[in-house]
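What follows draws every value from the coordinates through simple rules; no lab data is involved. For clarity, every value in this text was computed on a predicted model and none was experimentally measured. When we count neighbours, we look across all protein chains shown, and the Cβ atoms used for this are built from the backbone with ideal geometry, even at glycine.
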Amino acid sequence: MDNKIEYTDVYTLAHHHRFQWEEAQQNYVILFPEGMVKLHGGAGEVLKRLDGKATVGDVVADLKATFPDADDIESDIIGMFELAVSKGWLRKV
Amino acid sequence: MEIITMAQQNNGVSSAVTHTQPLWLLAEVTYRCPMHCAFCYNPTDYDKHTQNELTTDQWIQALRDARKLGAIQLGISGGEPLLRDDIEDIVIEAKKLGYYSNLITSGVGLTEQRIQALKDGGLDHIQLSMHDITEDINNFITNTKTFQLKQKVAAMIKSHGYPMVLNVVIHRYNIGHMKEILEMAEALGADYIELANTQYYGWSLINRSQLMPTKEQVDEAEAITNTFRANPNNKMKIFFVVPDYYSDRPKKCMNGWGEVFMIVTANGDVLPCHSARSLPNMQFPNVRDADLGWCWKESPAFTKYRGDSWMKEPCSSCSEKENDLGGCRCQAFLLTGDADVADPVCSKSPYRHLIDKAIEDAKNPVFSEQPIVFRNDKNSKRVIAGELKDRLDEFHSLP
C-alpha cells in the first residue's frame, strides 16, 4: 500500500476505531478491538481535526495558526499521519 | 504515543505503563459454559462459583466504578457470557459510560435477535473462539458439536457489520493446521485473529502433557504466521501469543501485576489476573463489600506483586527485570510451590529444569496418552472433592 501523504488527501478514522477524550488519562485515545493508543499532546490535536472534510493541508494550516510558536510542527504532523495510516488507524476518504 | 494491546506479546507492548489506573476491565460474568474445552484457563474449581453470580445491578455498579477509575476497554467474558440473559443491559450501560466493549463468546446462544439487540445497545465488537478447520478437532477439543454453529455465527457477526475478531487457542491438535486456519479466517473476512498458544493454567495445566506441541511445531507455526503477515494482500491483523515454555525469558504477564487489568469474576472477586486465586495465602476483595478504587490502589491483593520491590534473586538484580517483571506469579507458584520466585520459564531461574521436564513429559506417551480431563461440572466437582490430585501434584516440585 502506498502510504505517501498528500496535502490534498482527506483522512478519517478507520472503521471500528473510536477516538475520544479520556478524562482519567487527560489525553485523547484511539480505541479498537484488542487495543488502544494514548495520543499525547499534538497527536490528539491532529485527530481532533479530522471531520471527514478537512484535507491534510487544512489540518497543517489550522495547527500552525493555533500554535504559532511551535517549531517545525509540519513534519511532526505529516509524521503523525504516516504513522496512523501505516498502523491502520486512519483511512483515506 | 503508547500503543497498548490486550494480547500478551513480547513485542508492541508499551513498557511505559504505570498503575495509575486500570485500562481494561474483564468481566467474567459467569463460569457456566456449554463448551468443555480441554485448554480452558478458568479455575478448575469453578463449580463453587456458579451459584452466587453477581446480579445485573451489581454488574452495572461495578462498570460505573471501574470507569471512574479509568477503565476503558471492557471484555465481557466467562464461561459463556450469553448464558446470562442480561448481557444486553450490561452492554447498554457500557455504551452509556463510554467503554469500548467486547463480547468474548463461543457463539453458542448468539441468535439473530440477540446480536441485533447487542448492536442496538452499542456493543463495539465480538470476539469469537474458533478451534480448527476440521469438524473432528473442533468437536474433540471442546467436547461439543459446535463446528457448524461457529461457521454460522462468524457469518452473522460479519453481516451485522461488526469487526470480525477470531481467537484460536493453539495446541498440539491444531498447530499443524496453522496455514489453513489463517486461510479460513481470511475467507471468513476476519479483521483480527489472535493465535493464542496455550498457556498452562486451570484446565490446560491438568492437560498440559496432552496439549503441548513440540518445539519444531511451534517454530513452523510461527514461520507460517510470519509468511502470512509479510504478504501485503493479507489485511488481517494477527496477534501471536508466544508459547512461553519454548522461550528463555518469561512473558510480562498481564502487562504487569495491577498495571492495566482488573478482573471481576462471576461471584464478584476482584483480581489482578485470571488465575490469581490459585495463589496461596492471598485474600481477594469482592465488589459486594469493597470499593473498587481501594481494590486497585491499596488492597494487598493488587499491591503485593505490583512493581519490583517483592522480587528475590535472580530477579531483583536482573538487568531485564523491567521487561518482564519476573514473569507470571501464578506460573511460579503452580510449578515451584513459591509464588515469589522467578517464573521458571526464565533461563536464569534455578527451576528452569521444571519447564524442560514438562517439554520432555509431553513427548512421553506415559503422560501424553492419558485421557484429557475436559472442563465440565462433573470434573470440577471432582477437583473440589480432592480427586485428580495425582494429576495436579505432578506439576509441583514440592518435597
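Out of every Cα-Cα pair that the range B:221-360 contains, those further apart than 23 angstrom amount to 44 percent. Of all beta bridges that DSSP places with both ends in the protein assembly as shown, some 40 percent have antiparallel geometry.
Using a/c under 1.5 as the rounded threshold, could you call the range B:124-271 rounded, prolate or oblate? The axes a ≥ b ≥ c are square roots of the C-alpha gyration tensor eigenvalues, and prolate needs a/b larger than b/c, oblate otherwise. Verdict is rounded for the range B:124-271.
Phi angles of the range B:300-306 translate, via the Karplus equation with coefficients 6.51, -1.76, 1.60 and θ = phi - 60°, into HN-Hα couplings of x, 4, 8, 8, 3, 10, 6 Hz per residue; Gly and Pro are given as x. The calculated P(r) of the range B:75-119, using every Cα pair and 10 Å bins from 0, goes 28, 61, 11 in percent. Measuring between their Cα centroids, the range B:194-231 and the range B:111-155 lie 21 Å from each other. Expressed as a whole percent, the proportion of Cα-Cα pairs in the range B:313-366 lying more than 18 Å apart is 32%.
Using the alpha carbons alone, the radius of gyration of the range B:201-263 stands to its Kirkwood radius in an Rg to Rh ratio of 1.04. Take every Cα pair under 8 Å whose residues are at least 6 apart in sequence, average their separation, divide by the length of chain B, and the relative contact order is 20 percent. Modelled spin-label separation between residue B:248 and residue A:92, with each label point placed 7 Å from Cα along the Cα-to-Cβ direction: 4.6 nm. Within 10 Å of the Cβ of each residue in B:66-75, the mean number of Cβ atoms contributed by other protein chains is 3.
Using r as the Cβ-Cβ distance of residue B:297 and residue B:378, and R0 as 41 Å, what FRET efficiency do you calculate, to the nearest 0.05? Rounded to the nearest 0.05, the efficiency is 0.50. Of all lysines in the structure, those lying under 18 Å Cα to Cα from residue B:381, and not within fewer than 8 positions of it along the same chain, are B:48, B:389.
In percent, rounded to a whole number, the relative contact order of chain A is 39, using alpha-carbon pairs under 8 Å and six or more apart. With r as the distance between the Cβ atoms of residue B:186 and residue B:385 and R0 = 41 Å, compute the FRET efficiency 1/(1 + (r/R0)^6) and round to 0.05. Once the sixth-power term is evaluated, E becomes 0.35.
For the range B:277-366, the pair-distance distribution built from all alpha carbon pairs, in bins 5 Å wide starting at 0, is 3, 13, 20, 18, 16, 13, 8, 6, 3, 1 percent. For the range A:23-32, the Karplus equation 6.51 cos²θ - 1.76 cosθ + 1.60, evaluated at θ = phi - 60°, returns couplings of 4, 5, 9, 6, 7, 7, 9, 10, 10, 7 Hz by residue, with Gly and Pro reported as x.
Shape class of chain B from the alpha-carbon gyration tensor: rounded, with the ratio a/c of largest to smallest axis under 1.5. Report D for the protein assembly as shown in µm² per second (integer): Stokes-Einstein, Kirkwood Rh on Cα pairs, 20 °C, 1.002 mPa s. Using the Kirkwood radius from Cα pairs, D works out to 91 µm²/s. Candidate cross-link partners of residue B:321 among the lysines, defined by an alpha-carbon separation under 20 Å and a same-chain spacing of 8 or more, comprise B:251, B:252, B:304, B:312, B:348. Taking Cβ atoms as reference points and 14 Å as the exclusive limit, the residues near residue A:19 contribute a net charge of +2, counting Lys and Arg as +1 and Asp and Glu as -1. Residue by residue along A:22-32, Cβ atoms of other protein chains within 10 Å of the local Cβ number 5 on average.
When peptides B:363-371, B:346-354, B:40-48 are sorted by average Cβ neighbour count within 10 Å, with the highest value leading, the order is B:40-48, B:346-354, B:363-371.
What's the center-to-center distance, using Cα atoms, between the range B:44-104 and the range B:248-288 in Å? Spelled out, the Cα-based centre of one part sits 16 Å from the other. Cβ crowding within 10 Å ranks B:179, B:215 as B:215, B:179, fewest other Cβ atoms first.
If you model the range A:15-65 as an ellipsoid using its alpha carbon gyration tensor, with each semi-axis the square root of five times an eigenvalue, the axes come out at 21, 14, 7 Å, biggest first. The order of B:269, B:65, B:289, going from fewest to most other C-beta atoms within 10 Å of their C-beta, is B:289, B:65, B:269.
The mean number of Cβ atoms from other chains found within 10 Å of a Cβ in peptide B:119-131 is 1, as a whole number. Sites listed here are trypsin sites (Lys or Arg not before Pro) in the range A:16-93 whose DSSP assignment is loop and whose Cβ has at most 10 other Cβ atoms within 10 Å: A:53. Counting only the Cα atoms, the range B:103-169 fills a convex hull of 75 Å³ per residue. Lysine pair count for chain A with Cα-Cα distance under 18 Å and sequence separation of 8 or more or different chains is 8.
Mean residue ellipticity at 222 nm, helices only, chain B: -9500 deg cm²/dmol; runs of at least 4 DSSP H residues each add -39,500 (n - 2.57), and the sum is divided by the number of residues. Find how much the distance from residue B:117 to residue B:281 grows on full extension, using 0.36 nm per residue of separation minus their present alpha carbon separation; answer in nm with one decimal. That pair, residue B:117 and residue B:281, stretches by 54.7 nm at full extension. Other residues with beta-carbon under 9 Å from the beta-carbon of residue B:78 carry, at +1 per Lys or Arg and -1 per Asp or Glu, a net charge of 0.
Would you please classify the overall shape of chain A from the alpha carbon gyration tensor, given that a ≥ b ≥ c denote the square roots of the eigenvalues, rounded means a/c under 1.5, and beyond that prolate means a/b larger than b/c while oblate covers the rest? The shape class here is oblate.
Excluding same-chain neighbours fewer than eight residues apart, the aspartates and glutamates reachable from residue B:68 by a Cα-Cα span under 12 Å are A:22, A:23, B:291. Considering only the other residues whose Cβ falls under 13 Å of the Cβ of residue B:238, what net charge follows from Lys and Arg at +1 and Asp and Glu at -1? The answer is -2.
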